[in-house]
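Shown next, in structure tokens, is the structure this report addresses.
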Amino acid sequence: TLGVDLHHKTAEERSLRLKAEEQAWINTEVSEMALMLQGSVHLQTAARIFIGRLASAVGGSYGAVYLVQHNQLHFTAGYAFDEASSDLSVNREPFGLGTGLVGQCAVDGQMIVMHNLPENYVRVHSGLGEAAPSTLILLPVLYETEVVAVVELALMKELADKELQFIERTGQNM
């Protein structure tokens, strides 16, 4: 029984250490995001920094930031799409709160995670080819308790718990 107790204690310590490492990673990433955004005067610049940093931290492949202005969501910045082309997968026209998943995310103020996206939902393009992402995250960005933006991020993989926690904390702390 002493050996079994020791084995359980070691496993418990390992689990606690991993959780502490995950929390340290989340805290570091959130702090780095806040530092990068410090001094951003223009909303479009801040939105571009935000989506770029978020995507690189979690392996995002495609994304957009929609700012709430006059009770509508306005496309403000994108990640990994060609602004010169008529990229139809990003809606650049303003739309109302509650309209579509982005609008619903703004109304509810809750993160939405979707898996197993349809093949024709959106395409991620690179110089070598294109593919459909498997995961879509919609994140409300809060200022105090008010939703000021929604981030839409497509990924080619499912996220680990620590990455989901980081994304959620980022939306709450910016």
Yes or no: region 58-65 includes at least one residue that is more than 22 Å from A160 (Cα to Cα), surrounded by 14 or more Cβ atoms within 10 Å (Cβ to Cβ), modelled with pLDDT of 85 or more and not acidic (D, E). yes
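Residue by residue, here is whether (1) on the phi > 0 side of the Ramachandran plot; (2) open to solvent by 60 Å² or more (accessible area, probe 1.4 Å); (3) modelled with pLDDT of 90 or more holds:
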{"position": "A80", "(1), (2), (3)": "yes, no, no"}
{"position": "E83", "(1), (2), (3)": "no, yes, no"}
{"position": "H115", "(1), (2), (3)": "no, yes, yes"}
{"position": "H125", "(1), (2), (3)": "no, yes, no"}
Being touching a Cys at 6+ places or on another chain (Cβ under 8 Å) and touching a residue at least 40 places away in the same chain (Cβ under 8 Å), is that true of even one residue in region 93-112? yes
Per the filter on region 139-173, residues surrounded by 19 or more Cβ atoms within 10 Å (Cβ to Cβ), of a type outside the set (S, T, Y) and closer than 21 Å to N27 by Cα are L139, P140, V141, V151, L153, L159, E163, F166, I167, G171
Determine which single condition A132 fails, assuming it passes every other condition in (1) touching a residue at least 24 places away in the same chain (Cβ under 8 Å); (2) open to solvent by less than 80 Å² (accessible area, probe 1.4 Å); (3) not aromatic (F, W, Y). (1)
Members of region 141-151 that are under 10 Å from Y66 (Cβ atoms) and in contact with a Gly (Cβ under 6 Å, 6 or more places away or on another chain): V141
Check L73, L54 and return the single one that is assigned to a helix (DSSP H, G or I), touching a helix residue (DSSP H, G or I) at 6+ places or on another chain (Cβ under 9 Å), open to solvent by less than 20 Å² (accessible area, probe 1.4 Å) and modelled with pLDDT of 85 or more. L54
Of all residues in region 92-108, how many are under 23 Å from Q44 (Cβ atoms) and either of a type in the set (S, T, Y) or open to solvent by less than 40 Å² (accessible area, probe 1.4 Å) (or both)? 7
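The values are calculated or read from the model by the stated rules, or taken from the named source; none is laboratory data. This is a predicted model, so every value here is computed, not measured. All Cβ positions, glycine included, derive from the backbone under ideal geometry; neighbour counts span all protein chains shown. Note: accessible area is taken over every heavy atom of the protein model, side chains too, but ligands, DNA and RNA are not part of it. Shrake-Rupley method; radii C 1.70, N 1.55, O 1.52, S 1.80 Å.
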